[in-house]
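As structure tokens, the structure follows; a few thoughts come after it.
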Amino acid sequence: MAQAGMLSSPRGAAVRAGLSRGWIETRQSLTNVGDLIWYVMFPLIYAGVLFMMRGSTVPGTDFALGAMVLPSIVGMSIAFGGLVGPSSVLAVEREDGTLLRAKATPNGMLGYLVGKIVNIALTTAFSLVVLVIPGWGVRDQLRVDEPRAWLLIVAIFVLGLIATVPIGAALGSLLTSSAQTGLLMLGSSAMIAVSGIFYPITALPGWLQWVGQALPFYWLGLGARSALLPPEMVAAEIGESWRTVEMVGVLGVWAVAGLVLAPILLRRMAQRESGSDVAERREKVMTRGY
Amino acid sequence: MSSPENVTILEGQASPKGDGAHTVIEVRDLQMRYGTKDVLRGVSFTARRGEVLALLGPNGAGKTTTIEILEGFRMRSAGEVSVLGTDPAHGDEAWRARLGVVLQSWRDHGRWRVRELLSHLGRYYEPYSTPERARPWDVDELLRVVGLTEHADKKINTLSGGQRRRLDVAIGIVGRPELIFLDEPTAGFDPHARREFHELVHRLSDFESATILLTTHDLAEAEKLADRILVLADHHIIADGSADELGRQMATATEVRWTQGGDRHVHAVAEGDATEFVRSLLASDDGAVSELEVRHGTLEDTYMALVHRIETGQGDPGSGGPAGVPGAVVATEESE
């Protein structure tokens, strides 16, 4: 391997195969109606929110409430895609044998994980792009003409995925059936509720604020607000600060925790994966009928 | 497939690479226990290069468990296992690249197209290509070999059960493996697909000199494909040999039928050779015997007799220990 170099090494080949795998699966996903509905869910919710909040302004200002919510939804979409995406996919693909297939292929697990990361990044980016449609009407209120805003959004996107995808994968490897992905949805909704996405976190009781501030949803929302909202809107935040350093710190802790846990849990899960397990789970799915 | 005579099989130590390039699988006293439940209790057998082995046995006998241990997907409780010169529990990716795996019940990659998936999975094998064995298999040729050329651009979830199974086989061999594990490969095949699959297995073993270990419930298939048949029952290998050898060892009844004086006669020769009976029949018949038919016990008869004996607790009470001797071994003593 040493003389052949990384690109022609077996692992290099698997990484390249994984990159194309991610792209192929993204293409399949974006031409699948069921998946598309999933990706436009948040943009649709935002359209609904905009409709209900029409005419309302942030108290004490003439800033549209609808414009205030948009960056929070950007942050939420990143966290949601990063947490729920990999965990639900892992649960499903363990059940249908995709993971076992990867395991039966030389360096197949590496290619599989690279493919998943690419796929999750691309589909999450896609739902952010779709947000532009309902958000078009409030663009004048946001700092979309500043390169700084876009740089920050890209940075938050990357940091957000690093902080959430490994944890999502770790969670997914703990699930024992695809039916349990419902729990993830429920858990995410609860996290979103305490993360100051649709209304300010400062309106929550003190202890819930602490819970919210432990979660990536809050910090990604805050980060996106710092990128897109006018500077004076900082007054509505805790401590009247965008707390960028704290954001990087908390997301960094999540990233480190995920990067430590995910390989251990994924390896454990992969080791246990065998044909009879797949057959057994399939049997269960058949008998329960979903 | 020509292997030299007198290869000492079970004497060899689990040597890495230095296994004379002939022994591909070596299993000695393999044990598998889940909690307090014994699944395998002293399984021993070997496979030589280019050999086709069929592993038969009742449901729940541990066939799949055995294969999964050999594939490195399941950790054994005890015993020695060497696959392509490596302990599967510690097999690395280069080792994995030399194996082909076809398991039961795949239903993955439903959204992919047939050709797309085969060329994708082939990419992982490219770095393991050698001058003697170019990897992966050319996708178009592979599609032709498994009879999926006309379905190459179909989505996998639109394939019929038999087509899907053929794709599983294609994926299993895309890396041009030296050793192929096939767990019930022909489940859901129609007779035509089954025959084509049998030709493929012959091709793989003859031209690719691949060693093949397959499980099946179709005894005619095992008889047709396998150089050697292993019967796994009661947690160990109860028989190991060619279909003929097993039949002879089990002394399954041979049936002689003939017509004499307008009547149809049937005589079962329970033990040994039926020739003696036929000779005396013909010598004493004054030319009246016609439509003479001698029917050997089929593998099915042999198998049923073997499994019946185990299940009714006759024979080999030890039910432990390896078969011990290469070649045809029926590890139970005839009780009558």
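Per-structure values
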{"item": "Breaking point among (1) touching a residue at least 40 places away in the same chain (Cβ under 8 Å); (2) away from chain B (no Cβ under 14 Å); (3) in contact with a Phe, Trp or Tyr (Cβ under 9 Å, 6 or more places away or on another chain), for A:GLY115", "result": "(2)"}
{"item": "Residue in the range A:2-23 that is among the aliphatic types (A, V, I, L, M), without any contact (Cβ under 8 Å) to a residue 12 or more places away in the chain and within 11 Å of chain B (Cβ to nearest Cβ) present", "result": "yes"}
{"item": "Some residue of the range A:83-96 being under 30 Å from A:ALA13 (Cα atoms) and over 21 Å from the mean Cα position of the chain (by Cα)", "result": "yes"}
{"item": "Boolean, B:PRO136 is over 26 Å from the mean Cα position of the chain (by Cα), in a loop (DSSP other than H, G, I, E, B) and more than 18 Å from B:ALA222 (Cβ to Cβ)", "result": "no"}
{"item": "Of the criteria (1) crowded, with 22+ Cβ neighbours inside 10 Å; (2) part of a strand (DSSP E or B); (3) acidic (Asp, Glu), which one B:GLU80 fails", "result": "(1)"}
{"item": "Those residues of the range A:161-206 which are within 18 Å of A:VAL250 (Cβ to Cβ), hydrophobic (A, V, I, L, M, F, W, C) and more than 15 Å from the chain's Cα centre (by Cα), in sequence order", "result": "A:VAL194, A:ILE201, A:LEU204"}
{"item": "Count - residues of the range B:83-124 that are in a loop (DSSP other than H, G, I, E, B) and within 12 Å of chain A (Cβ to nearest Cβ)", "result": "15"}
{"item": "Among (1) of a type in the set (Asp, Glu); (2) out of contact with any helix residue (DSSP H, G or I) (no Cβ under 7 Å at 6 or more places or on another chain); (3) closer than 25 Å to B:ARG115 by Cα, the one test that B:ASP190 misses", "result": "(2)"}
{"item": "Unique match (being in the same structural domain as B:ARG195 (by TED's automatic domain parsing) and among the aliphatic types (A, V, I, L, M)) among B:ALA134, B:ALA89", "result": "B:ALA89"}
{"item": "Set B:LEU118, B:LEU103: member being outside the structural domain of B:LEU213 (by TED's automatic domain parsing) and under 20 Å from the mean Cα position of the chain (by Cα)", "result": "B:LEU103"}
{"item": "Residue list for the range B:67-77, restricted to those being crowded, with 22+ Cβ neighbours inside 10 Å and either modelled with pLDDT under 90 or away from chain A (no Cβ under 11 Å) (or both)", "result": "B:LEU70, B:PHE73, B:ARG74, B:ARG76"}
{"item": "B:GLU184 being within 14 Å of another protein chain (Cβ to nearest Cβ) and closer than 22 Å to B:TYR303 by Cα", "result": "yes"}
{"item": "From A:LEU36, A:LEU70, A:LEU44, residue being away from chain B (no Cβ under 11 Å) and surrounded by 23 or more Cβ atoms within 10 Å (Cβ to Cβ)", "result": "A:LEU70"}
{"item": "Within the range B:141-178, considering residues that are β-branched (Val, Ile, Thr) and either in contact (Cβ under 8 Å) with a residue 24 or more places away in the chain or within 14 Å of chain A (Cβ to nearest Cβ) (or both), the one farthest from B:GLN104 (Cα to Cα)", "result": "B:VAL145"}
{"item": "Qualifying residue in the range A:139-153 (condition: modelled with pLDDT of 95 or more, in a helix (DSSP H, G or I) and surrounded by 23 or more Cβ atoms within 10 Å (Cβ to Cβ))", "result": "no"}
{"item": "A:ARG101 being assigned to a helix (DSSP H, G or I), facing chain B (nearest Cβ under 9 Å) and out of contact with any strand residue (DSSP E or B) (no Cβ under 7 Å at 6 or more places or on another chain)", "result": "yes"}
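For (1) under 24 Å from the mean Cα position of the chain (by Cα); (2) modelled with pLDDT under 80; (3) at positive phi, each residue gets a yes or a no:
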{"residue": "B:ALA274", "(1), (2), (3)": "no, no, no"}
{"residue": "B:VAL278", "(1), (2), (3)": "no, no, no"}
{"residue": "B:LEU281", "(1), (2), (3)": "no, no, no"}
{"residue": "B:ALA288", "(1), (2), (3)": "no, no, no"}
{"residue": "B:LEU292", "(1), (2), (3)": "no, no, no"}
{"residue": "B:GLU311", "(1), (2), (3)": "yes, yes, no"}
{"residue": "B:GLN314", "(1), (2), (3)": "no, yes, no"}
{"residue": "B:PRO317", "(1), (2), (3)": "no, yes, no"}
{"residue": "B:GLY321", "(1), (2), (3)": "yes, yes, yes"}
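Yes/no per residue for (1) surrounded by fewer than 23 Cβ atoms within 10 Å (Cβ to Cβ); (2) more than 11 Å from B:LEU306 (Cβ to Cβ):
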{"position": "B:THR215", "(1), (2)": "no, yes"}
{"position": "B:LEU219", "(1), (2)": "yes, yes"}
{"position": "B:GLU223", "(1), (2)": "yes, yes"}
{"position": "B:ASP227", "(1), (2)": "yes, yes"}
{"position": "B:VAL231", "(1), (2)": "no, no"}
{"position": "B:HIS236", "(1), (2)": "no, yes"}
{"position": "B:ALA239", "(1), (2)": "no, no"}
{"position": "B:GLY247", "(1), (2)": "yes, no"}
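The values are calculated or read from the model by the stated rules, or taken from the named source; none is laboratory data. Note that this is a predicted model, so its numbers are computed, not measured. All Cβ positions, glycine included, derive from the backbone under ideal geometry; neighbour counts span all protein chains shown.
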